[in-house]
Each structure stands twice: as C-alpha cells, then as structure tokens.
Amino acid sequence: MSAACRAFEQRLAEALDRVGESATAAAARALAAADAHAAECPACALLATLVAGHAGVFAFLARPEPSPEFLSRLSETPADVRARQEASEVLSFLTPGTLARPEPSRALLKRLLAVPEPAISSAVSNVRRGIFGRLKPVVTDWRFAVVAAYAATFLIVALLRVDPMSVARGAANDLTSAGERALSEARVAAVHRFDESALGRATAPITKRLDYRVYRAFAAGRARAVAYSQLVFERIFGGAVDVLQASHDTPEPSEPFRRS
Amino acid sequence: MPLEPHPDAELVARCQKGDEGAWADLVAAYGKKVYGIAWHMTYDRAEAEELAQDCFLKVWQNLDRYEPTEASLLAWIAALSRNLCIDHYRRRKREKGFLFLSDDAVSTLLPATDDPQADAVRRERVRMLLDAISELPDELAEVVILRDLDGLDYREIGDLLKLADGTVKSRLNRARIELARVVRGRVGASTGDGRSLYSPFGPRTTTATGGAR
C-alpha cells in the first residue's frame, strides 16, 4: 500500500469521524467522488464504496429475536427465589455495621497480656548433675574456647613482660637472615655442582678442563719443540730466525682450579 | 446535594428481595439485547439461547454486587454477557478458524422475499460480510458487532468496554475501514467500483420476522 493510499484511508477515517452515525455512508461516497486520489486509485475508490455499502447492508439485516418460549423460560423465577425471600431478613444482617462486633472482656484481655513464666529446668529433668556436668555445656562451647585462648595469651604476656610485637619482629628477622643464608649456600653449592657436571666441564676453557700437571707437561713440550726447531733452522739456514712465542700468551689456570 | 438513585436501582432492589415480577421486568427489558449479542457472537440459535441463559443466571447470582452509581444496569448486564460471549467467540474461532454461518442463521438475518434470485445474491453477500467480520481482530470485530449488528449506541458500548465515546467512534470507523479492506481482498478488482456488489440491498420495505430498522 502506497503512502498516498494510506493518506486516503486517514482522510476517510477523519471524514467518518466528523459526521454523525446516519451520514456514514453518504460521507464515504462523497469522499470517493471528490477525492483526487480516489479518482486515480481504483482500490481506494472501491474501499470507500465498500464502507458505504456495508452501512446499507447492516441496515438491511434483521435483528435476531429470541423466541417467546425462551423469554418466558428466562422470566421464570429462579428456583432459589423462595429461599432468597425467606433469607432476605437474615441476609440484611450481613450489611456492614448492622451487627455489633463482640468485644473481649477485661478479664480476658488481662489474661492475654500476662507474660507466661519460664519453666523451671530442674523440674523438667530428674537426673542429678555434678559440678562438671553443669559446666560441660559451657566448656564444650566453641565461644568459650576462643575466650580462653585469648585470656591465656594475655596472661602470658603480662607475666613474662614481653612485648609481643618486638618478639615477633625478632623472630621475623631471624627467619629472614636464616633464609638468606640458606639461599647463598644453595647458590654456591649449585655453582659447584654445575661446574663438576659434564655440561660445566664442556663449557669451561681448556686450561680449566685439563689437569695442571698435564698442562705443564704440554706447555714444556711445546717450548722444547720450539727451541729445537729454532736450533735446526739456525744450522740449516744460518743466522737468527724469529719464532713466535705463542705459549706466553696462553693464560694459566686460576688458583681455585689448580688441583695438583 | 444527594444523588438521585438510579432508575434501575429500584428494579434491582426488588429482585434482591425476591420480587417475582421484578425479575420478569428485568428479563423483558434486557432479554432481547442479551440474546442479540449472544446470537451475533455465535450465529446459532441454540448456542445463543444457552449463552443468554448463562448470562441471566450470572446476573441473578451477582445481583448483590450491582452498584447503580457505577454503571447502568444495561451496561452491567451487557458486560456480564459480553464476557461470556467473547470467551465463547474466541474459543470457537480458535477451534474452527472461522465462524460457520448456517443457512438457518442467514435466514434469520434475511427473511425471504418475493424475489428468490435477489435473495440468493443477498445471502451470498451477507455470508461474505459476516465471514469478513470474523477475520477482524477481536477488539475491532466486537465494536462492529455491538454497533452495526446489535444496535447499541456509543454510550452503551463505551460503558461496556470502558471507553470514551470518541474512542468508540474512532475505533468503530477504523473497524469499518478494516472490514472494507478485507472484503476488497476477497472480491478483488473484478468488482469494478463496487457499486454493483451491494446493489441488491435497497431500502427494506417488508420483513417477515425481524422488521426494518
């Protein structure tokens, strides 16, 4: 449905609202004849014509009438009318305010207001309890245990004249220093263990990996070989020959790694 | 200034006291309207009688609750019957999807005339129109039935539905346009301008039972 058709329906509704009930059909017909949109749009013209036509159809229809027998059946007095007649005087008492409300007596109010006394416990039980039996319900209560623990703590502090905060602080310091010591020892042991392991040896320099005596023998052999080769070269070629003294640049193992 | 008692209040008071003549007067005054509402919600004589009977039974049982200052007796009775009838109407629509209009029902609305051919056309048109009403939403169908078929005026419908007169009128006109739209969807464009559709419904001259309005 287009916007123009919607606008026409709106105009039609307004036209019907303006006129009286008897002029509904005439208003719809007049709008269908005069409206520009209705002249162009057959659907809207048909709509207005149908609205007008329906009014004629409704006026044409007869109203259904109940049969006289049915009306007479309805008019018959209901079965409980006698009871209603007889009860009408009694029922009138049900009107609010007709009957007075019963009031309670003063004696009853006094009895209702009285507070009942608590029952005596000894009269209920016929078992005789000792001093511990009487205290047992109190001692076994958890609240009693908490109160007793606090009381004992305060008593100890008061008797020993100890400042609980300083004691706690000292204990915390001791714990801290002991922990730091343990950590440093653990760190040294871990480094030592690592150096002794295969992985530590593989990554260490050769001077640390070999035994110091082997190292000295290797270095002496090497110096001897250099000296002999120098002599041989002087005999063959004559004159002096410069030989690299590389062995002097080789670092020696540090003190902790000398094992011999 | 004290309010004058409602004219129906005395009738109700007499009924409450068990006055047999008062009940007959009440049925005579409102029986036809209640039956008409029930008939147009059912399109069936037997069901309408049953509903009307239930309605008056309800009226009898609730006479003590009627308050003359709040509504007229007609509005109160119509409200009781409407609640019964609209429930029946919705249940029947839900069960069957439409309201079946028997030949007997059509004959009730269109008594036979001397022109059988025109009678047949009228019956077909009325059947189509009443079927279209049952396709409307309930709140729109209700106002069309109450106003156009039962003949209640705006004030009575307003009392019944708890609406202002202006609201009743605008809703009724909206229902009429919606009804025309449903009928237009059924007849299609073959009808032309629609003037011929309802041409058999000229001014009524004679009726067999219902009488012209």
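The values are calculated or read from the model by the stated rules, or taken from the named source; none is laboratory data. Remember, it's a predicted structure, so these values are computed and weren't measured experimentally. For the accessible areas, the whole protein counts, side chains as well, though only heavy atoms, and no ligand, DNA or RNA atoms are used. Shrake-Rupley method; radii C 1.70, N 1.55, O 1.52, S 1.80 Å.
Pop out the ³J(HN,Hα) list for segment B:125-135 in order, Karplus 6.51 cos²θ - 1.76 cosθ + 1.60 with θ = phi - 60°, rounded to Hz; leave Gly and Pro as x.
So the J values, rounded to whole Hz, are 5, 5, 4, 5, 5, 6, 4, 5, 4, 5, 7.
What is the percent carbon and sulfur in the accessible area of segment B:39-167, measuring with a 1.4 Å probe over the protein chains and ignoring ligands?
That fraction is 45 percent.
What are the residues of segment B:155-172 that lose 50 Å² or more of accessible area, with a 1.4 Å probe, going from their chain alone to all protein chains?
Buried by the other chains: B:Lys169.
At 1.4 Å probe size, put B:Met128, A:Met165, B:Met41 in order of accessible surface, largest to smallest.
Correct descending sequence by accessible area is A:Met165, B:Met128, B:Met41.
Return the aspartates and glutamates within reach of B:Lys162: Cα separation strictly under 19 angstrom, same-chain partners fewer than 8 residues apart disregarded; answer none if there are no such residues.
B:Glu67, B:Glu70, B:Asp87, B:Asp138, B:Glu139, B:Glu142, B:Asp148, B:Asp150, B:Asp153
With a ≥ b ≥ c taken as the square roots of the eigenvalues of the C-alpha gyration tensor of segment B:45-115, please select rounded if a/c is under 1.5 and otherwise prolate if a/b is larger than b/c or oblate if it is not?
prolate
Say the cut-off is 20 Å between C-alpha atoms; which of B:Lys32/B:Lys58; B:Lys93/B:Lys169; B:Lys17/B:Lys58 go over it?
Violating the 20 Å Cα-Cα cut-off are B:Lys93/B:Lys169.
Between the alpha-carbon centers of segment A:1-79 and segment A:165-215, tell me the distance in whole angstrom.
Each part reduced to its Cα centre gives a spacing of 106 Å.
How much accessible area is lost when chains A and B come together, counting both sides, with a 1.4 Å probe, in Å² rounded to the nearest 100?
That pair hides around 4800 Å² of surface in total.
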